[in-house]
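The values are calculated or read from the model by the stated rules, or taken from the named source; none is laboratory data. Since the model is a prediction, treat every value here as computed from it, not as a measurement. Here the Cβ positions follow ideal geometry from the backbone for every residue, glycine too, while neighbour counts run over all protein chains shown.
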Amino acid sequence: MEQQILKALIAKYNAGTANAEEKALVEQWYENIHGDEYASGEEQLNQIKQRAYRELYNYINNTRPSAPAKIKKLPFRWLAAAVLLLVGSIGIYYHYKTSSTEQVVKNNLKNDIAPGGNKAILKLADGSNLVLDDAKNGQVAKQGEVLVEKKHSGLLSYLTNNTTPGIAAVTYNTITTPRGGQYNVILADGTQVWLNAASSLKFPTSFTGKERNVELTGEAYFEVAKNKTMPFHVTTVGQTIEVLGTHFNVNAYADEAAIKTTLLEGSVKVSGGNAQAIIKPGEQASLNVSVVNPAITVTDGIDTDEVMAWKNGSFYFNNADIQTVMRQISRWYNVDIEYAGKIPEDHFTGKFSRNMTASNALKVLEFTGVNFKIEGRKIIVK
């Protein structure tokens, strides 16, 4: 009964219909939980939840809970994490205290789906493939005068020994992450690229000539090494991004409505069809390549924390519809999504860890009233 009451209050908070006292109560619970030391482990976590339920029960029955000394207004995106702690999912608790996927998985239901991790396949110039998650640290290949080294799980580096650049023939490699995978690669010029799940990057093993050109599918975050004499170009289907040295994120999944380029530092020029735009930090260029004459829409004031959540180990949704949410869930957990009946019209706002198992992630999402069922590697949305 107490959990049902709690869900009702959280639903009001999400819908914006909670009164001032109800909002303050939810936020104070988060303040209490966030400030507690979890040294005593799961037992203390249960005590915290029981206290929250008791205060809620007293409130609903017109009994004022103990008045907080000070109510701190919290960013709305933290609500999902607070809810998960309150209703009994241990997964995010272990994430905050250990940041260990193994610890999270160990404490969850059997037949659950583990989160994604550092997985990728490297296609070399001769057409051979290396499974990077199986490869040992150290040199994994040599491409001409370039050494390819796996530094540690999740990081690949290209180091050139050529003292006379421009003589050797240019060769290309492609790194591909599967659904449920991510990877970081340092290119020969020092540019760092983080690939999200279900993505690929084709790049030269060394950069020669007047330009640095790479090709992207899916999503990646770039920290481009500065070189004013050699512009860096990222090509996706229907779009080209030109930079000299900057930090930006590109979301170019084929199943998304538009290609979105978000700038964090520096300046970039985005081109698609006959359209061009130069964007500044905090701006996002959106290009719909499915239309005949695509236009580029530039939006300022972008929440870059939301855009970069995937790289920083989180899901972050701000009034996102169910299909947007489930596309991310599908890529990260390597699952198929099925909708039973009418697609729910609910929208989600919240931030939570990508380090949890699928069942715990779905528990967070269920607070909007949408229900889920896991069958093998399929999630059914009800």
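Some points to look at:
- Filter result for the condition that a residue is on the phi < 0 side of the Ramachandran plot, among the small types (Gly, Ala, Ser) and at pLDDT 95 or above, over Ala295, Ala252: Ala252
- Only one entry in Thr208, Thr229 is surrounded by fewer than 17 Cβ atoms within 10 Å (Cβ to Cβ), farther than 25 Å from Leu264 by Cα and modelled with pLDDT under 95, namely Thr208.
- Matching entry among Gly350, Gly369, Gly341 (being loosely packed, with under 14 Cβ neighbours inside 10 Å and in contact (Cβ under 8 Å) with a residue 60 or more places away in the chain): Gly369
Conditions tested, residue by residue: (1) basic (Lys, Arg); (2) closer than 30 Å to Ala285 by Cα; (3) at pLDDT 95 or above.
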residue	(1), (2), (3)
Met308	no, yes, yes
Thr324	no, yes, yes
Ser330	no, yes, yes
Asn334	no, yes, yes
Gly341	no, no, no
Gly350	no, yes, no
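- Which listed residue, of Ser359, Ser271, Ser314, is surrounded by 14 or more Cβ atoms within 10 Å (Cβ to Cβ), out of contact with any Phe, Trp or Tyr (no Cβ under 9 Å at 6 or more places or on another chain) and polar (S, T, N, Q): Ser271
- Condition met for Val289 (modelled with pLDDT under 95 and more than 30 Å from Glu145 (Cβ to Cβ)): yes
- Residue among Leu159, Leu122, Leu130 that alone is surrounded by 21 or more Cβ atoms within 10 Å (Cβ to Cβ), outside any loop (DSSP other than H, G, I, E, B) and either touching a residue at least 40 places away in the same chain (Cβ under 8 Å) or within 29 Å of the chain's Cα centre (by Cα) (or both): Leu122
- Checked against the criterion of being surrounded by 21 or more Cβ atoms within 10 Å (Cβ to Cβ), under 22 Å from Asp255 (Cα atoms) and not acidic (Asp, Glu), the candidates Arg331, Arg327 yield just one match: Arg331.
- Only one entry of Ser330, Ser290 meets the criterion of being out of contact with any strand residue (DSSP E or B) (no Cβ under 9 Å at 6 or more places or on another chain) and not hydrophobic (A, V, I, L, M, F, W, C), and that entry is Ser290.
- Residues of the stretch 363-381 that are at pLDDT 90 or above and charged (D, E, K, R): Lys373, Glu375, Arg377, Lys378.
- Filtered by the rule that a residue be assigned to a strand (DSSP E or B) and of a type in the set (A, V, I, L, M, F, W, C), the stretch 191-219 gives Val193, Trp194, Leu195, Leu201, Phe203, Val214, Leu216.
- Condition met for Glu149 (part of a helix (DSSP H, G or I) and either surrounded by fewer than 12 Cβ atoms within 10 Å (Cβ to Cβ) or at pLDDT 85 or above (or both)): no
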